[in-house]
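What follows draws every value from the coordinates through simple rules; no lab data is involved. Just so it is clear, the model here is predicted, and its values are computed rather than measured. Virtual Cβ from ideal backbone geometry, glycine too; neighbours counted across all protein chains shown.
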Amino acid sequence: MHPVVRIILGALAGAFAAAKISRSAGMAVGVGVLLLTVAILDLTSLPHPLWFWVVGVAIYPVVTWLAIRLAAGGGSAPRPAQP
């Protein structure tokens, strides 16, 4: 499987699960930020082609947003959790 497909599937599954379990978009965003941080650390520590940098950094916010939308049933984003 191509590395970009693995990135997309992993980020989508993680953010979707976080949004569904917590019933808020905040946890899904946290998963997306965590994965983006790890991706940047990986990109800086190992040599990668330029296209992988562009895809690797741009894909996480997009996939996180998509996972939040899917977790909400395709409608608006999940509402913040009530204390």
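Quickly work out the T44-to-R23 label distance, labels modelled 7 Å from Cα along the C-beta direction, and quote it in nm with one decimal.
3.9 nm
In what sequence, highest mean first, do 50-63, 26-39 appear when ranked by Cβ atoms within 10 angstrom?
Result, highest mean first: 26-39, 50-63.
Shape call for the chain from the C-alpha gyration tensor, a ≥ b ≥ c root eigenvalues: rounded (a/c under 1.5), prolate (a/b greater than b/c) or oblate? If you can, show how the numbers build up before the last one.
Values: a/c = 2.87, a/b = 2.11, b/c = 1.36.
In terms of gyration-tensor shape, prolate.
If we count other beta carbons within 10 Å of each Cβ, what is the order of S24, S45, fewest first?
Lowest count first: S45, S24.
Can you give the relative contact order of the chain as a percent, counting alpha carbon pairs under 8 Å and 6+ residues apart?
It rounds to 42 percent for the chain.
Ranked by Cβ crowding within 10 angstrom, fewest neighbours first, how are I21, I68, I40 ordered?
So the ranking, lowest neighbour count to highest, is I21, I40, I68.
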